[in-house]
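Q: Mind having a look at this structure? Questions to follow.
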Amino acid sequence: MMIRKGRLLTPGPTQLLPSAQLAMAGATMHHRTAEFRALYSKVLADLKVFVGTGNDVILLTSSGTGAMEASVANLTSPGDKVMVVSAGKFGERWEGLAKSYGLNVDVVRSPYGETVTVQQVREKITAEHKVLFMQATESSTGARHDVEGIARFLQGSNTLLVVDAITGLGTTRFNIDAWGVDIIIGGSQKAVMVPPGLAYCAVSERAWQRMETTKNPRYYFDLRKERKNGAKGEASYTPATALVAALSSAMDYLRDQGGGDLAAGRELLINNAEIAAAMVRAASNAMGLKIFSASSPCAALTAITAPPGIDSSDIVKGFRNQFGSVIANGQGEMKGQLFRIAHLGYYDYADTIAAIGALEHVLAGLGHKLELGSGLRAAQEVYAQRA
């Protein structure tokens with residue numbers, strides 16, 4: 001036997017950046033001081049670069065779902081007609097949120113493992129739909145949705161576009177200002193490499209204007225209040241000061257990776273996810289496994305169908321028991337049918353190779369016929385081509 005080094009290979013929370021952990025440990029400042037205002041203002045400015053927008057960015061002390069709820073509460077009134085793009089558990093979360101605020105919800109749906117096309121949206125949407133809610137990456141299935149195509153189709157209409165990019169930011173290229181995305185949402189426990197507890201969103205001027213006439217209740221999640229206070233370097237309520245310090249450190253790390261250019265660091269982070277995802281897909285194919293969302297795979301994670309006769313829960317247990325590593329099972333009715341290996345954030349070539357090597361041993365131990373090294377060889381070939 002060997003010692004086991006814990007690795008977090010899930011789509012969130014993700015592995016923590018060491019310098020961000022140190023920043024958290026030293027974050028003892030009060031949130032109503034000049035020191036913290038400077039830090040908060042820096043983080044808001046850095047997030048604009050990380051997102052790639054000229055729009056104001058709002059930072060909330062909540063999980064990403066808090067920013068999802070904030071977008072529903074701020075942009076709608078009871079009885080409004082909205083559209084939800086749904087092809088997995090997080091599309092279904094949009095449905096639940098919208099219904100809880102008394103909205104009239106139409107759903108454009110595709111089966112789990114597939115994506116919703118622009119044509120499907122075109123066939124169903126009307127001028128009455130006030131907002132369209134969608135994911136960039138459906139992390140329950142590993143599918144990537146066509147944000148650009150849907151955004152460009154909606155340009156010139158009265159329908160606002162809200163994108164949950166909680167696993168998309170830092171793994172996917174967006175040009176949200178040019179495309180016309182009205183709110184895009186991120187979370188701290190994903191590609192930005194810090195613990196759960198912060199959500200952020202970039203908000204268009206069109207969305208700010210809509211908030212002046214909408215009637216749904218909002219208090220803690222009043223985005224207008226956060227925009228006003230953020231301009232002064234403050235949060236409306238007590239922020240998670242240690243997490244803000246960690247996020248600042250993560251932005252500095254990406255800036256350093258980009259040679260002093262945060263936008264360049266963001267591109268490296270996306271490239272990193274794309275290469276790791278391509279390595280895992282190639283390795284899976286070489287091991288005789290089926291990619292669950294093969295027609296539109298994302299870079300944040302890879303969802304893999306368990307081989308016939310093997311429960312994916314046993315694969316998850318094998319990773320933990322043999323290698324101290326954590327991968328994700330399928331969610332809801334997909335539990336037991338698929339497993340998910342993430343590639344986002346503080347996750348590199350060596351982590352990818354470790355995950356693939358571990359997968360070979362776990363599958364072999366569960367009776368799946370494969371040649372040890374076949375997945376690793378395929379991954380190495382992808383890396384040699386891409387890197």
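Q: Give the residues of the range 119-147 that are surrounded by fewer than 24 Cβ atoms within 10 Å (Cβ to Cβ) and part of a helix (DSSP H, G or I), sorted by residue number.
A: Residues satisfying the conditions are Gln119, Gln120, Val121, Arg122, Glu123, Lys124.
Q: Residues being among the acidic types (Asp, Glu) and surrounded by 22 or more Cβ atoms within 10 Å (Cβ to Cβ): count how many of those fall in the range 306-324.
A: Adding up the residues that qualify gives 0.
Q: Among (1) buried (at least 24 other Cβ atoms within 10 Å of the Cβ); (2) assigned to a strand (DSSP E or B), where does Ile150 come up short?
A: For Ile150, the exception is condition (2).
Q: Could you say which residue among Ala303, Ala283, Ala278 is outside any helix (DSSP H, G or I) and either in contact with a Lys or Arg (Cβ under 9 Å, 6 or more places away or on another chain) or surrounded by fewer than 20 Cβ atoms within 10 Å (Cβ to Cβ) (or both)?
A: Checking each option against the conditions leaves just Ala303.
Q: Would you confirm, using the coordinates I've provided, whether Ser157 is on the phi < 0 side of the Ramachandran plot, under 21 Å from the mean Cα position of the chain (by Cα) and hydroxyl-bearing (Ser, Thr, Tyr)?
A: no
Q: Out of Gly149, Gly113, Gly142, I need the residue that is assigned by TED's automatic domain parsing to the domain that holds Gln209 and either among the aromatic types (Phe, Trp, Tyr) or over 26 Å from Ala328 (Cβ atoms) (or both). Which one?
A: Within the list Gly149, Gly113, Gly142, the selection yields Gly149.
Q: I've got another one for you. Please verify whether the range 291-298 includes one or more residues that are in the same structural domain as Ala45 (by TED's automatic domain parsing), of a type outside the set (Gly, Ala, Ser) and within 23 Å of the chain's Cα centre (by Cα).
A: no
Q: Taking the condition part of a loop (DSSP other than H, G, I, E, B), at pLDDT 95 or above, of a type in the set (Ser, Thr, Tyr) and farther than 15 Å from Ile304 by Cβ, does Tyr346 pass?
A: yes
Here's the yes/no breakdown for (1) in a loop (DSSP other than H, G, I, E, B); (2) of a type in the set (S, T, N, Q); (3) on the phi < 0 side of the Ramachandran plot:
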site: Arg4; (1), (2), (3): yes, no, yes
site: Thr10; (1), (2), (3): yes, yes, yes
site: Gln15; (1), (2), (3): yes, yes, yes
site: Gln21; (1), (2), (3): no, yes, yes
site: Met24; (1), (2), (3): no, no, yes
site: His30; (1), (2), (3): yes, no, yes
site: Arg37; (1), (2), (3): no, no, yes
site: Lys42; (1), (2), (3): no, no, yes
site: Thr65; (1), (2), (3): no, yes, yes
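Q: Take Leu154 and tell me if it is touching a residue at least 24 places away in the same chain (Cβ under 8 Å) and closer than 23 Å to Ser62 by Cβ.
A: No: the conditions fail for Leu154.
Q: Still on this structure, please answer the following. Within the range 181-201, how many residues turn out to be of a type in the set (Gly, Ala, Ser) and either farther than 15 Å from Thr61 by Cα or assigned to a loop (DSSP other than H, G, I, E, B) (or both)?
A: Here the count works out to 3.
Every residue, every condition in (1) in a helix (DSSP H, G or I); (2) in the same structural domain as Tyr346 (by TED's automatic domain parsing); (3) over 13 Å from Leu44 (Cα atoms), yes or no:
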site	(1), (2), (3)
Phe221	no, no, yes
Lys225	yes, no, yes
Val244	yes, no, no
Leu247	yes, no, no
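Q: Can you work out which of the residues in the range 160-177 that are crowded, with 21+ Cβ neighbours inside 10 Å and over 12 Å from the mean Cα position of the chain (by Cα) is farthest from Pro13 (Cα to Cα)?
A: Leu160
Q: Checking the structure you have, find out if any residue of the range 330-337 is within 27 Å of Asp146 (Cβ to Cβ) and free of Cβ contacts under 8 Å to residues at least 24 places away in the same chain.
A: Taking every residue of the range 330-337 in turn, at least one turns out to be within 27 Å of Asp146 (Cβ to Cβ) and free of Cβ contacts under 8 Å to residues at least 24 places away in the same chain.
The values are calculated or read from the model by the stated rules, or taken from the named source; none is laboratory data. Just so it is clear, the structure is predicted and the values come from calculations on it, not from any experiment. Cβ atoms come from the backbone with ideal geometry, glycine included; neighbour counts cover every protein chain shown.
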